[in-house]
Structures are given as C-alpha cells and as structure tokens.
Amino acid sequence: MDLTKLLKPRSIAVIGASEKEGFGGDVCRNILAYTKELGRIYFIHPKREKVFGVPCYKTVTDVQDTIDLMIICTSQKTVVPLLEEGAKKGCGGAVVFASGYGEVGTEEGRENERILQETATKLDIAIMGPNCAGFVNYIDNVQAFAFISEKRDRKGGVGVVSQSGQLCLSLMDCPGMRFSYNISAGNAKIVQMEDYMEFLVEDPDTKVVSVYIEGVKNPEKFAKVLKNAAKKKKPVVILKAGRSAKGGAIAASHTGSLSGSDASFDAVLKKFGAIRVDDLEELMAMSLMLSTLKKLPEKPAFASMNLSGGETGICADVGSLCGIEYPDFTEETLKSLKEQLPDYASPNNPLDMTASLSYDADLYAVALRTVMDDPNIGMVLIGYTLLYEIADPAIHYMYQGIKKVVKEKGENCKPIAMIPFAENTRNPEYQEKLFHIGVPVLPPTVYAFKLLKHLTDFISYKPEEKTLSLCTGDKKNGETYALSEHSSKEELARYGVPIEEERIVTSEEEAAAFAEASGKDLAMKVESADILHKSDVGGVKLNIQGGEAAREAYRQIMKNVIEKRPDARINGILMVPMLKQGVEMIIGVNNDPQFGPMVMVGMGGVFVEVFKDVALYPAPVNKQEAMDMLKSLKSYKLLTGYRGSRPCDLEALCQTITGISCYAAANQDVLKELDINPLFVYPEGEGVGVADALIVKVGQ
C-alpha cells in the first residue's frame, strides 16, 4: 500500500474542524501554530463559517481542489460515508481518530472494523488508526496530530511509529528529541506497523527508526523490513510490550495484538541486528544518540574523559558491568597526556583529567584531540553533569574546546558523547549547542553505558554473516504426534546429523545375535512412538554386553513396558552402541506460531534445568550464527578447554546445529518441536554423539 498521500500529502482536509478542546480543535490548533501559510489545508464543518478565523467548508465536496489526506475528527458512525465522499476528491490517505472498533472487544466493534477494512481496500485509501492520535511529518511540516504540546522546533532524524498515542506525546515532550516523523498508529488495522516501519526504513530523511509495538501482525513483512534495515545499516530501535505474562495480557487487550513468544521476538531482533530497549527513556535516549552522532564509531572501543577521580571510577565500574571496552592508550598518547596534565594526575583509560584543563578552551581541545587521535580509540565519552542552572563556567570552555576539535577534524572527527552523573534536567541551551555539533548528551551512567553496549552490538553486527531469513510460512493444524527415537534419528540423519548405526530387534534371538556380532557395550531401549519417557516405564537398559545379557534385557524391558503401558504400540527394542561421555549439551527446536522454527542450544543437566543457560535463534542457521549462539552461552568456556580439559569439537557441533536448523526449516509447516537430549560433544576432531532424539509433528 502506497503511503505517500497519507504521510506526505500535498492537500489536506480536516473533517470536524472546531475551536473546542478535543480532536477537531487540537488538530486545528497544531496546524495554525506550526503552519505559516495554510495553502492547500481546508477546514470542514457543516455548521461553522469559520474556525479560529479560517473559513470553513460545509463538506469535502465543496472544496474546489483534490484532497490527498483527510483528517477525520468525527465519530465512528460518520467515518465510512466520509471516506466514500473523500475518494471522489482523490483522497488516498485518512487519519481516523474514532474508537469503537476491535479494541472494545465487542461483536459490534469487530464488525465496524471489518467494514472499515473493506472500505479502505475498495477505495484504495491508506488509513491511519482507527483509535489513534495521528502523526506529524516534520520534514514537510504536516500537522495531523490531535494532542497539544509545547511549541518548539522538533525537526530531526528520528522516525517514530507507536501503537500508543500517549507515548508519542511523551517523546515530543522530551526536550532533546528531534523527529522526521512521529506516527501514532493506534489499532493499525489497515496500514499496519510493518508498513510504517517499511516507509521509515526507505525514507532518506529518517536516520533512526524508533518503534513502540504491542505485537507483530505480519511477521513475513516484519522480517523483510528488518532485513532491509540491516543491509542499509539503518538502526531500528524497538520497545515491545509483552515481556511479562501481565504485559502480554495488557497488550492483547489494548489493541487485539498477540504478543507471541517474547524469547522468539528477542531472537528475531538479534538475527537482524535490531536494538531492543526496555522502557521509554531508553527508547528516547538510544534514538537520540544514534540520530545526533554525525557518524558511528568505526570500532567499539571507548575512551572516557572525566574531571574527577569519583567520576572516573563510576565510568570504569558501570562501563565494565555493561561490557564496555576501554582499551589502553598507546605509549605516545600517555606521554602526551602526562605533559598536559598536572603532576598529580595519572593518565589511564578511563581518564581522570582533573578540572584544571576544563577552564581553558584551547588546553581542553589539545587533550581531547590527543585522546581522539589514539588509534586504539573509536569514540570519546566526556563525563560532565550539565545542570539546568549553570553555576560553574567550565562547560563554556569545554564546549568551545569540543567545537574547535569537531570543526578542525571535520569528517575525520571520531564520535563524541557527553555523560552526566546525575539527572538534573539538562541545560537546554547547551544541549542544543552540543546537538548542532553532533554531540549527544546521554542519560546518567547506568542508562548511558547500556546504550553504549547497544551501540557496540550494532556496529559489531555484520549482515553479510547472517542468513537474514525466517520460516514464516503457513503451519498445518491438527493433532500432534511423536516419532519414535529411531524414526526421529533417521529423519535427522538425512540432514547431516551424525547418528550411530543401530538396530531394531523384535525377539530375544535377534537381540542376542546383534549383541554378539557387535562386540560393543550396548544400550537397549523400547522403540515406540507412544512412549516418550522410556526410563519412566523401565524401558531402558544400559551397558549390555554379550548375547545372554541382551536376552535378559530384552525380556525385562518387554515385561516392564507391557505391565506399565499395555496400550502402547511397540515396534521392538532399539539397540545402539553406548556413547562415550563428553560435554553434555541439548539442542532443540520449538516452532513459534509467528516466526517459525526457533533453534535452541545449551549445556545439558543443571545448566539448562536450573540456570536456563540457553541460546535461541530463528532457523535457518549458518555456521557463523551457530558459533555466535555458542559464544553467547555463559558456560561457553566449558567447550573451549577449561582447567586442563581438551577443547571440544566446535566444528562438528556447529555442523550439527546447522543441520538441525535445515531440517526445521524444511519441515516448518509440520514440525511442532524437536529435542536432542543429551548430545555429547567430544574433543577436537572426534565429533559429537546423539544419545536420544524426539520429533513431534502436526498431522492433517
């Protein structure tokens, strides 16, 4: 759907224009406050001659002009007739503020929504909402927003799309925020969140796409948009409701969205390099930082310059907690800093400059230039609490020094950000000055370093190493059924998963013959798709040696199973060589209803049961992505040779993970879940061993 007439209209009709407080009056107030010449903006009201001194038309039909956008400020019952009237005037976009649709949860509301969707499709009108607060296009100065905020210049590079109008207003009320677009999508039933995101990713005036979302309605398009953003290296910052059970319930009741699996959503964002934040402050600050910086750091290596030892210590500690890298300065840098700083200063990174240089713009510029020129450094962080009321004149000299270096270095200037140490309502004058030279003022340290970790991950992300696709096709419905262990292994073997040679036997004689011929220690397990937990019914015997032991194990297993599960269909007894012990792991797949198969890998035993130390990633998975999954585990060191143990065969493990992901992708329409537990990983060159496997599918 083309959003040009909706978001970049050349002519606008405000239906229900008014001087009263509310949608009709507030939209008019915003237009009059920000638009010097109304031009092709028309106020419509059947009973008013003028609104705020602007002449009114009785109907849209009376306007002697084509209309690109209708801003409909009237009740739900009037919307469809107005759309039909507007379509005759060439209308291609509409903002619908009215509620009374699917969000109310009634049959009448759902029917109203269905009719609205049908009307939009028939008339080819892109509708924002319903139940929204509208939007502002700051690039072309289109004011279609129904809430009032303080008048100021907000033009910038952050493109916001939110399912909450109040959050849009909160973002507008943040003094430092600057937008290309601020879109309150509301129910997003016709033009969906993914459509707005696509528009903003493609928009050349939008530097950062900033999203508040309550659920993904079109996962295939969501993935397409994120893939496009990844290839363009355009940051997408997302705040999503529904992390908790209550958050998910609230999101669903608010817009009828389904939250889906939050862990799966996280995994999808990780795959495409999008940034997930936890609250509105983090969304604002992250978006503002990314849009203010003239360019991103070439490498995630930071230098921190502070005026006191206390500030330096806080930056060192909080930065370390957030995984921020402070590389050592080169010997040349250290030598130069020692010459510039007082004798009692000890140059290190983070750096305690002491306050002396901050009262001389030229000396401060020399120190900043020295740190910036260090080849180990990718970005400079300046520690300073920018108070609302400035008493200490240091910031005046520091700003002049920063500006001097930025101007001198031009395009070669490394990124700079300022970090305060307390939230004291940042001085708007100096925040504005720093903005214009590309220096964002971040929130205090805990937030600031969290943002810098997001930045680290974003600039380290390499789209060329990712598969950048999801398996979001249709899933079959029906009864679920499990494959037996042997059948599960056979299916996986076709995708390169290493499976030991094994045999199903149906008599004591066959069991004894196989045991004698094998000459190995064997495991014997009941082979039945009806018995998933074989040990619970006495269906497993281990370390079987020789024919007589195999006969006895066969008799005992069959006796146990018939007693405890007489209803089970039994294919026989599965005989497989005992696997040697290795590092125990688990690999699984859960088929998310929205995003498709999710591959899970983790250490076995207590690591997965108690510590939940697992990595989740959408199929398909390539070898690099498989390695990244392993490296994300807290227990990863156990695979690399820990306390004298030999390093594990990571090559074979990654091949196994990719093979399982390929199976999951190929069977995404029928696969419900998959479990390999345990998987033994052996030392380098010795491969892996699959001890047990379970596949659950969905029937027709």
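The values are calculated or read from the model by the stated rules, or taken from the named source; none is laboratory data. Here the structure is a predicted model, which is why all the values come from computation and not from measurement. Neighbour counts run over all protein chains shown; Cβ positions are idealised from the backbone, glycine included. Ligands, DNA and RNA are stripped out before the accessible areas are found, and what is left, the full protein with its side chains, is counted by its heavy atoms. Shrake-Rupley method; radii C 1.70, N 1.55, O 1.52, S 1.80 Å.
Annotations for the structure displayed:
- Dipole check for the chain: with +1 at the C-beta of Lys and Arg, -1 at the C-beta of Asp and Glu, and the Cα centre as origin, the magnitude is about 1680 Debye.
- Net lengthening on full extension, Val80/His396 (0.36 nm per residue, minus Cα-Cα): 108.0 nm
- With Cα atoms, 0 to 90° folded angle of helix 245-255 axis to the chain main axis: 50 degrees
- Estimated D of segment 483-629 in µm² per second, where Rh is the Kirkwood radius over Cα pairs and Stokes-Einstein applies at 4 °C, 1.567 mPa s: 75 µm²/s
- Radius, Kirkwood style, for segment 510-568 when every pair of distinct Cα atoms is counted (Å): 11.6 Å
- Net charge over other residues, Cβ less than 9 angstrom from the Cβ of Asn228 (K, R count +1; D, E count -1): +3
- Among the listed pairs Lys520/Lys541; Lys475/Lys612; Lys122/Lys475; Lys466/Lys697, those beyond 21 Å (Cα-Cα): Lys475/Lys612; Lys122/Lys475; Lys466/Lys697
- Using all pairs of distinct alpha-carbon atoms, the Kirkwood hydrodynamic radius of segment 595-663 works out to 12.5 angstrom.
- Less than 5 angstrom separates the built amide H of Tyr42 from those of Ile12, Ala13, Val14, all sequence-distant by 5 or more or on a different chain.
- Only helices enter the 222 nm calculation for the chain: every DSSP H run of n ≥ 4 contributes -39,500 (n - 2.57), and dividing by all residues gives -11500 deg cm²/dmol, rounded to 500.
- Cut-off 11 Å between beta-carbons: net charge of the residues surrounding Met598, Lys and Arg +1, Asp and Glu -1: -2
- Value of relative contact order over segment 486-642, rounded to a whole percent, pairs C-alpha under 8 Å and six or more apart: 20 percent
- Once the Kirkwood radius over Cα pairs is known for the chain, the Stokes-Einstein relation at 25 °C and 0.890 mPa s delivers a diffusion coefficient of 84 µm²/s.
- Amide N proximity, segment 540-574 versus Glu479 label position 7 Å along Cα-to-Cβ, cut-off under 20 Å: 565-571
- Simple spin-label estimate for Lys631 and Arg555 in nanometres, 7 Å along Cα-Cβ: 5.7 nm
- Sequentially through segment 99-114, phi angles give Karplus couplings (6.51, -1.76, 1.60; θ = phi - 60°) of 9, x, 10, x, 5, 7, x, 9, 5, 4, x, 5, 5, 4, 5, 4 Hz, Gly and Pro residues having no value and appearing as x.
- Think of a 1.4 Å ball rolled over the protein heavy atoms: segment 621-677 then has 45 Å² of accessible area per residue.
- Residues Lys240, Lys231 ordered from highest to lowest accessible area at a 1.4 Å probe: Lys231, Lys240.
- Once the convex hull of all Cα atoms in segment 430-511 is built, its volume per residue stands at 285 Å³.
- Label-zone membership for segment 42-68, site Arg10, 7 angstrom Cα→C-beta point, backbone N under 17 Å: 42, 64-68
- Label-point gap, in nm, between Gln340 and Glu411 - each point 7 angstrom along Cα→Cβ: 2.6 nm
- For Ile382, nonlocal amide neighbours, meaning residues 5 or more places apart or on other chains whose placed amide H falls under 5 Å from its own, are Met305, Ala417, Met418, Ile419.
- Cα principal axis extents for segment 549-597, largest first, Å: 47, 33, 16
- Segment Lys58-Thr506, length gained on full extension (0.36 nm per residue, minus Cα span): 152.5 nm
- Taken along the Cα-to-beta-carbon direction at a fixed 7 Å, the label points for Asp266 and Glu220 span 2.9 nm.
- Gained length - Gln166 relative to Asp278, 0.36 nm times residue gap less alpha-carbon distance: 38.6 nm
- Using alpha-carbon coordinates, inclination of helix 546-564 to the longest axis of the chain, degrees: 60 degrees
- Measuring between alpha carbons in the structure, the pairs from Lys8/Lys403; Lys36/Lys450; Lys234/Lys414; Lys299/Lys623 lying more than 30 angstrom apart are Lys8/Lys403; Lys36/Lys450.
- Residue by residue, segment 301-314 carries 3J(HN,Hα) couplings of 10, 10, 10, 10, 10, 10, 9, 8, x, x, 5, 4, x, 5 Hz when phi is fed to the Karplus relation 6.51 cos²θ - 1.76 cosθ + 1.60 (θ = phi - 60°); x denotes Gly or Pro.
- Once all protein chains are placed together, Ser632 keeps about 70 Å² accessible to a 1.4 angstrom probe.
- Using a cutoff of 8 angstrom between alpha carbon atoms and counting only pairs six or more residues apart, the relative contact order for segment 102-165 works out to 21 percent.
- Kirkwood analysis of the Cα pair distances in segment 291-407 returns a hydrodynamic radius of 14.6 Å.
- Loop-located GluC sites (Glu not before Pro) in segment 295-398, at most 16 other Cβ atoms within 10 Å (DSSP): Glu298, Glu325, Glu389
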